[in-house]
1. Name the residues in the stretch B:137-164 that are closer than 19 Å to B:T288 by Cα and surrounded by fewer than 22 Cβ atoms within 10 Å (Cβ to Cβ), would you?
2. For A:L21, state whether it is in a strand (DSSP E or B), in contact with a Cys (Cβ under 8 Å, 6 or more places away or on another chain) and crowded, with 24+ Cβ neighbours inside 10 Å.
3. Does B:N265 satisfy the condition of being of a type outside the set (V, I, T), within 19 Å of B:N342 (Cα to Cα), touching a Phe, Trp or Tyr at 6+ places or on another chain (Cβ under 9 Å) and buried (at least 24 other Cβ atoms within 10 Å of the Cβ)?
4. Across the stretch A:1-23, what is the number of residues that are more than 7 Å from chain B (Cβ to nearest Cβ) and either at pLDDT 90 or above or within 16 Å of A:L94 (Cβ to Cβ) (or both)?
5. Assuming B:K442 fulfils every condition listed in (1) assigned to a loop (DSSP other than H, G, I, E, B); (2) touching an Asp or Glu at 6+ places or on another chain (Cβ under 8 Å) apart from one, which condition is it?
6. Is there a residue in the stretch B:201-210 that is in contact with a Ser or Thr (Cβ under 9 Å, 6 or more places away or on another chain) and modelled with pLDDT of 95 or more?
7. Which of (1) farther than 30 Å from B:A371 by Cα; (2) in contact with a Phe, Trp or Tyr (Cβ under 7 Å, 6 or more places away or on another chain) is the odd one out, the single condition B:Y255 does not satisfy?
8. If a residue must be within 16 Å of B:G270 (Cβ to Cβ) and surrounded by fewer than 23 Cβ atoms within 10 Å (Cβ to Cβ), how many such residues does the stretch B:175-189 contain?
Amino acid sequence: MAKKTFKGRPVLSGKLEGKALVSKQPFNLTGSYLKNMFAGETATAPCTDSTNKELHEKDLKGAIICTPQTVGSTMGAGTVMMCSELGVQPQAWLFSSHIDSISSGGLIMDDVWNGKRVVTIDLLGDEFLEAVKTGDPIAIHEDGTVEVG
Amino acid sequence: MKRREFCKGVALVPASGALLSSFPRLADAATPDAATAGKAAATGSSQAGKVAGSKTLPGYAENFLTSDMDGLGPDGKPTGIKATFTGASQANATAEKAMAHKMKLTREEQAILDGKEGEEKAKLMKILVQFGNTFGADELVDLGGAPHSNMFIGAPYMASMIRMLDECAKAGLKSYAPYTVNPRPYDVYKVQNNAKDMEMIYEGYSSQWDLDYVHARLGAPDLNYRTCACYLEEVGNAPEPGTYVAWAESSAVNYGNSALGIRTNRNGAGMDLLQAMLGKAPKFGLMTDEGRKAKWLIEVKTSKEPDWGAIGTAIGRKCVEDIPYITGLEKYFEGGKVTADNLHLLKAMGSATASSGAVGLYHVEGVTPDAREKGRDLLVNDYQTYVIDDKEQARIISTFENLWPDKDADPTAAFIGCPHNSYHEVIKWGKLVTEALDKAGKEEAAIPVYMFMPNPVRDRAIEEHGELISRMKQAGMHATNMCGVSYAGMKGFSERVRGVTNSAKTRNYSTLRYFPDEILVQTIVTGKIPRGA
């Protein structure tokens with residue numbers, strides 16, 4: 001596929017490459033990590049959100065998650081910090097919309113306080129989410145540029 | 001601490017909503033050290049598309065997806081929401097503009113950031129500046145009044161955040177003023193006082209002691225002051241209009257911004273206390289004049305007094321996190337004044353807007369402070385209009401479907417007071433139920449009635465209406481200062497309890513059925529839901 005480039009805002013900058021895992025519906029932060037939160041799962045991060053047909057039961061660990069934004073319980077910041085404590089956090093969050101307070105609080109606190117960074121880019125635009133598909137190669141640059149394909 | 005003393009001791013002068021269906025055993029899970037965890041993440045390759053997870057999810061986590069905002073409509077399809085949940089819509093933001101934004105710091109703030117007041121405070125400042133820049137704040141503002149925190153879940157999955165706060169406490173950091181905290185998620189004295197529930201509570205909330213210890217050191221008073229309705233006069237955390245604060249808890253933020261006229265964004269767990277320790281907050285969204293303007297004109301045109309929870313739900317669903325300017329309600333507030341005897345109307349409506357949507361501020365024409373001062377100048381030029389008449393109210397109520405597993409069975413408990421009951425509500429409900437029982441020739445209600453309230457409200461009721469309170473107790477009305485929604489989220493709750501409630505907020509988060517007061521009273525007396533209700 002032809003390479004497409006999108007420019008977002010690096011909320012937590014970084015440079016990495018990987019493959020996209022796409023959820024076109026908002027990502028329910030707390031609802032997606034129930035097995036890690038409650039079942040002692042640490043080897044993988046199986047998505048437990050049964051309402052999310054694109055991600056349900058897929059492994060979120062080390063993924064580059066592409067989604068509009070996160071939603072769910074306001075305790076979600078605690079979930080973000082728990083994921084990195086267990087080592088099951090994604091490699092990166094790529095948001096098409098403006099980042100929300102549920103994920104941003106936890107991601108920034110975890111980065112600054114615990115030195116655990118998950119690269120986070122927001123405001124990539126609706127076109128980004130229309131273009132990207134699960135499994136697409138992704139390259140993320142420090143300045144918030146994201147290449148798909 | 002005596003009644004109303006809480007705020008007098010304050011030096012200076014804000015849905016989900018908690019989600020609480022949980023009894024995690026994360027403590028049993030392997031907890032790799034930070035270095036290992038970091039390495040695992042850094043080297044982790046994308047698992048895109050791969051099915052994972054060999055462990056079995058315990059049944060007690062089954063309701064966890066019922067959340068403040070899941071981004072899905074009644075049809076199960078994405079609604080396309082673009083909400084930041086701060087109360088400040090950023091739907092039109094662009095990357096270029098957002099990247100250019102940098103907050104200005106004072107010399108004192110820069111010194112803190114540079115570590116002049118210690119490593120921990122420097123880290124907190126760095127978090128706050130980054131958070132503020134993310135949401136377009138221009139500056140940090142000094143906080144007044146007193147904070148309110150929603151950090152009330154002592155579950156192991158919150159351990160990392162609790163540890164961060166513990167490290168702050170160990171470094172001697174403290175909130176700039178004594179602060180209030182949401183109610184505990186359980187009550188083993190009066191509600192969950194049975195072996196099965198207690199076992200789950202002590203397993204599930206095994207970090208509760210750690211969390212309470214953090215609060216004690218950071219400046220929260222004793223547990224009698226735990227409540228989501230911190231603004232009630234018996235608790236006393238009701239800052240003056242215009243005061244900048246950093247509150248969390250969707251219903252408290254919503255009431256504070258609207259009925260008190262304070263200025264706070266909707267803070268998530270942890271961010272509230274972090275701002276309290278610095279005594280500063282990034283100024284954006286609901287803390288600014290521009291951010292408090294209304295995008296919706298809501299015209300309430302019901303022929304009788306509206307169902308406050310139903311119209312709140314309607315407004316929340318329509319506005320999501322935009323601000324409504326509501327007309328047609330002034331007549332229910334004598335002289336346009338919000339008083340101890342009528343604040344429950346706004347509490348019921350507002351908490352519903354915050355739980356069915358993410359509304360952090362509403363204006364009621366002729367009633368709330370901003371609206372009294374500025375009137376319809378609060379409306380943006382291109383505002384939209386939404387009319388709630390009898391038909392629309394009935395339509396909203398009809399969407400509250402019966403979620404009980406056994407839909408035709410009789411109720412087993414009533415839940416009154418979410419957010420926590422005011423003194424006026426406690427006395428009102430006491431009279432309503434006991435007088436109806438007397439009329440029916442009954443000593444006791446057919447089902448237990450849990451009355452959620454802060455302890456100072458309970459104490460005042462005992463002092464001033466001892467005989468009524470005694471009669472309520474005989475009738476099976478239990479006063480508790482726990483969080484009612486937490487109880488509704490317990491393992492197997494919906495299989496064991498068929499609850500009824502007067503709270504649209506509780507209905508939005510649980511399987512409880514929502515009814516008007518007169519229907520609830522009949523249900524409590526007879527143990528049956530009246531036909532046609």
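1. Matches in the stretch B:137-164: B:D138, B:E139, B:V141, B:D142, B:G144.
2. Working: in a strand (DSSP E or B): yes; in contact with a Cys (Cβ under 8 Å, 6 or more places away or on another chain): yes; crowded, with 24+ Cβ neighbours inside 10 Å: yes.
It is true that A:L21 is in a strand (DSSP E or B), in contact with a Cys (Cβ under 8 Å, 6 or more places away or on another chain) and crowded, with 24+ Cβ neighbours inside 10 Å.
3. Numbers: of a type outside the set (V, I, T): yes; within 19 Å of B:N342 (Cα to Cα): no; touching a Phe, Trp or Tyr at 6+ places or on another chain (Cβ under 9 Å): yes; buried (at least 24 other Cβ atoms within 10 Å of the Cβ): yes.
Taking the combined requirement at face value, the residue does not satisfy it.
4. Filtering the stretch A:1-23 down to residues more than 7 Å from chain B (Cβ to nearest Cβ) leaves A:1-6, A:10, A:12-17, A:22-23.
Imposing the further condition that a residue be either at pLDDT 90 or above or within 16 Å of A:L94 (Cβ to Cβ) (or both) reduces the set to A:3-6, A:10, A:12-17, A:22-23.
Within the stretch A:1-23, residues that are more than 7 Å from chain B (Cβ to nearest Cβ) and either at pLDDT 90 or above or within 16 Å of A:L94 (Cβ to Cβ) (or both) number 13.
5. Of (1) assigned to a loop (DSSP other than H, G, I, E, B); (2) touching an Asp or Glu at 6+ places or on another chain (Cβ under 8 Å), only one is false for B:K442: (2).
6. Looking for residues that are in contact with a Ser or Thr (Cβ under 9 Å, 6 or more places away or on another chain) and modelled with pLDDT of 95 or more, one finds none in the stretch B:201-210, hence no.
7. Looking at each condition in turn, B:Y255 falls short on (1).
8. Within the stretch B:175-189, the subset within 16 Å of B:G270 (Cβ to Cβ) is B:175, B:179, B:181-182.
Now drop any that are not surrounded by fewer than 23 Cβ atoms within 10 Å (Cβ to Cβ), which leaves none.
Of the residues in that region, 0 qualify.
The values are calculated or read from the model by the stated rules, or taken from the named source; none is laboratory data. It should be emphasised that the depicted structure is a prediction, and the values quoted were computed from it without experimental measurement. With ideal geometry, Cβ positions are generated from the backbone for all residues, glycine too; neighbour counts draw on all protein chains shown.
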